């Protein structure tokens, strides 16, 4: 493996650069393959993914991907794994990687990234929310409920999305969700 998801390094020549400016990830990756060139602008991905917990998760992680979407995600994942290898605590890259794993259906890998993020940012409500989603997708419902409760305690208040998020569908059908429903009702009264 070459770190970019391919064992054939002769036909895949990565050229990339990374700049960290504040919390922005400004990255452009160009892969020259035998048949075509693929350009990824990770800065624009970050704009979407910085709202990953609110926006990007609103697209079902279970919707079927086209062959091209799978290929593009595999390239993204390979690149981001290389970035994380160089800087294991790079929050923005970890968030992108976790989102890409989930979109690709690699739920256990996504869970590993979300657990890592929860260790690095234990008081981030959105990180806890994503952790709850990952636990739900891997059918660890009690852990999912615990993470979702922490998320609510830390300030997550997008109740409409929480009730619709396809990543939490299995949790909503589980008995442990009852206590969360009660907590949401209390929070709605306090907020409303």
message: Being over 17 Å from residue 130 (Cβ atoms), without any contact (Cβ under 8 Å) to a residue 40 or more places away in the chain, in a helix (DSSP H, G or I) and touching a helix residue (DSSP H, G or I) at 6+ places or on another chain (Cβ under 7 Å) is true for just one of 188, 160. Which residue is that?
response: 188
query: residue 126 versus (1) in contact (Cβ under 8 Å) with a residue 24 or more places away in the chain; (2) out of contact with any helix residue (DSSP H, G or I) (no Cβ under 7 Å at 6 or more places or on another chain); (3) surrounded by fewer than 18 Cβ atoms within 10 Å (Cβ to Cβ): which is the lone unmet condition?
result: (3)
- request: Tell me, please, whether a residue that is in a loop (DSSP other than H, G, I, E, B), at pLDDT 95 or above, out of contact with any strand residue (DSSP E or B) (no Cβ under 7 Å at 6 or more places or on another chain) and closer than 30 Å to residue 71 by Cβ can be found in region 116-124.
  value: no
- request: Kindly establish whether residue 182 is more than 30 Å from residue 70 (Cβ to Cβ) and either touching a strand residue (DSSP E or B) at 6+ places or on another chain (Cβ under 8 Å) or in a helix (DSSP H, G or I) (or both).
  value: yes
query: Which residue pairs have Cβ atoms under 8 Å apart, sit 6 or more places apart or on different chains, and have a first residue in region 62-76 that is in contact (Cβ under 8 Å) with a residue 60 or more places away in the chain and a second that is in a loop (DSSP other than H, G, I, E, B) and surrounded by 10 or more Cβ atoms within 10 Å (Cβ to Cβ)?
result: 62/105; 74/5; 75/4; 75/5
- request: Please work out if residue 99 is within 16 Å of the chain's Cα centre (by Cα) and either closer than 25 Å to residue 77 by Cβ or free of Cβ contacts under 8 Å to residues at least 40 places away in the same chain (or both).
  value: yes
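The values are calculated or read from the model by the stated rules, or taken from the named source; none is laboratory data. Every value quoted in this text rests on a predicted model; they were computed, and no experiment measured them. So basically every Cβ, Gly included, is an ideal-geometry build from the backbone, and we count neighbours across all protein chains shown.
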